[in-house]
Amino acid sequence: MFTPLKLNRLLFILGTFLYINSAAAENPQWEPWQSLFNGKDYSGWTPKITGQKLGVNYLDTFRIKDGMMQIRYDKYTRFDNDFGHLFYKEPFENYHLRLDYRFSGDQTPGAPEWAFRNAGVMFHAQSPASMRLDQAFPVCVELQTLGGNGKDPRSTGNLCTPGSHVHMEGKLETQHCINSSSPTFHGDQWVSLELIVLPDNIQHLINGKVVFEYNKPVLDGADDDAKAMLKSGLPLEMKNGYIALQAEGHNVDYRNIEIRRLKTN
């Protein structure tokens, strides 16, 4: 039987436990930063371009120069739905990713109008080996990066959801792309991007500021590729997956690609 003293002690212990766990959730403990790019070659990365077999770097789309990972289209006569993704070799769950990116030059002839200064970081993605030969985009969640046209507002760090949905404020959000609160970045300037993926919260950061937040990504059961993944036995909720850098017809440079994982104990 609980006496008032024992009950007070129990409540104190329970309150302390809840406080510690709450603090841990708000201040996650991270492992050291790990570089995903050595600045010299594509060790650990594999291209998958629409219509090409896995590992084929069609027309030298992905390149290394001056310690940067580059996407270039100068060997293309015309862009013909040659959407590409450069996948890192292993899947991740619960992590903090950061990198710098910049757009440059003109759009490749034949690329869709919406792809002007448009790229992205795909995460929680299906494996590149599981993509169909003619599949344009992996099933994933996308942190979309956009560059300005020199005059109009255009946010970056947006959310797009190929084959997926997310939850926002407790409700399933089915809109495919949603703009962030970031400013517009015109010209060929470097922009710092961060992606924080925690069990109950995902954040997009641009130049150190949170510009988008949501949680609980799930597969879109109406999407054919996602439907196939569900039929194969994969769970509805997307808790982990591969990271890929997107190529959609505009020159992009990447540098300082690093990740740190959430400590598990």
Taking the condition of being under 20 Å from Ile259 (Cα atoms) and surrounded by 14 or more Cβ atoms within 10 Å (Cβ to Cβ), how many residues in the stretch 65-84 meet it?
3
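Could you check, for the stretch 144-158, whether at least one of its residues is in a loop (DSSP other than H, G, I, E, B), closer than 13 Å to Glu213 by Cα and more than 13 Å from the chain's Cα centre (by Cα)?
No, because not a single residue in the stretch 144-158 is in a loop (DSSP other than H, G, I, E, B), closer than 13 Å to Glu213 by Cα and more than 13 Å from the chain's Cα centre (by Cα).
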Can you tell me which residue within the stretch 94-129, out of those that are of a type in the set (Lys, Arg) and in contact with a Ser or Thr (Cβ under 9 Å, 6 or more places away or on another chain), is surrounded by the most Cβ atoms within 10 Å (Cβ to Cβ)?
Arg117
Go through the stretch 208-224 and give me each residue that's of a type outside the set (A, V, I, L, M), buried (at least 16 other Cβ atoms within 10 Å of the Cβ) and touching a Ser or Thr at 6+ places or on another chain (Cβ under 9 Å).
Phe212, Pro217, Asp220, Asp223
When you look at Thr50, is it within 20 Å of the chain's Cα centre (by Cα), polar (S, T, N, Q), closer than 30 Å to His250 by Cα and at pLDDT 95 or above, yes or no?
yes
Assuming Leu205 fulfils every condition listed in (1) out of contact with any Asp or Glu (no Cβ under 8 Å at 6 or more places or on another chain); (2) part of a strand (DSSP E or B); (3) of a type outside the set (Asp, Glu) apart from one, which condition is it?
(1)
Cβ-Cβ below 6 Å, separation at least six or inter-chain, first residue in the stretch 40-58 and surrounded by 14 or more Cβ atoms within 10 Å (Cβ to Cβ), second of a type in the set (D, E, K, R) and part of a strand (DSSP E or B): which pairs?
Leu54/Lys48
Condition first: crowded, with 20+ Cβ neighbours inside 10 Å and not hydrophobic (A, V, I, L, M, F, W, C). Now tell me which residues in the stretch 226-246 satisfy that.
Gly241, Tyr242, Gln246
Selection from the stretch 174-198 of residues in contact (Cβ under 8 Å) with a residue 60 or more places away in the chain and either under 15 Å from the mean Cα position of the chain (by Cα) or part of a strand (DSSP E or B) (or both) yields Val191, Ser192, Leu193, Glu194, Leu195, Ile196, Val197, Leu198
State which residue is surrounded by the most Cβ atoms within 10 Å (Cβ to Cβ) when the search covers only the stretch 141-165 and only residues that are in contact (Cβ under 8 Å) with a residue 40 or more places away in the chain and at positive phi.
Gly157
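So that you can scan it fast, the table gives a plain yes or no per residue for (1) at pLDDT below 95; (2) buried (at least 16 other Cβ atoms within 10 Å of the Cβ); (3) in contact with a strand residue (DSSP E or B) (Cβ under 6 Å, 6 or more places away or on another chain):
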| site | (1), (2), (3) |
| --- | --- |
| Lys171 | no, no, no |
| Thr174 | no, no, yes |
| Ser182 | no, yes, yes |
| Trp190 | no, no, yes |
| Val197 | no, yes, yes |
| His204 | no, yes, yes |
Does the stretch 61-76 hold any residues that are in contact (Cβ under 8 Å) with a residue 12 or more places away in the chain and more than 23 Å from the chain's Cα centre (by Cα), and which are they?
Lys75, Tyr76
Name every residue in the stretch 60-79 that is in contact with a helix residue (DSSP H, G or I) (Cβ under 9 Å, 6 or more places away or on another chain), among the charged types (D, E, K, R) and more than 20 Å from Asn38 (Cβ to Cβ), in order of residue number.
Asp74, Lys75
All-but-one check, Gly249 against (1) surrounded by fewer than 19 Cβ atoms within 10 Å (Cβ to Cβ); (2) modelled with pLDDT of 95 or more; (3) not in a strand (DSSP E or B), failing number (1)
Within the stretch 240-250, is even one residue of a type in the set (D, E, K, R) and within 16 Å of the chain's Cα centre (by Cα)?
yes
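The values are calculated or read from the model by the stated rules, or taken from the named source; none is laboratory data. Since the structure is predicted, the reported quantities are computational estimates derived from the model, not experimental observations. All Cβ positions, glycine included, derive from the backbone under ideal geometry; neighbour counts span all protein chains shown.
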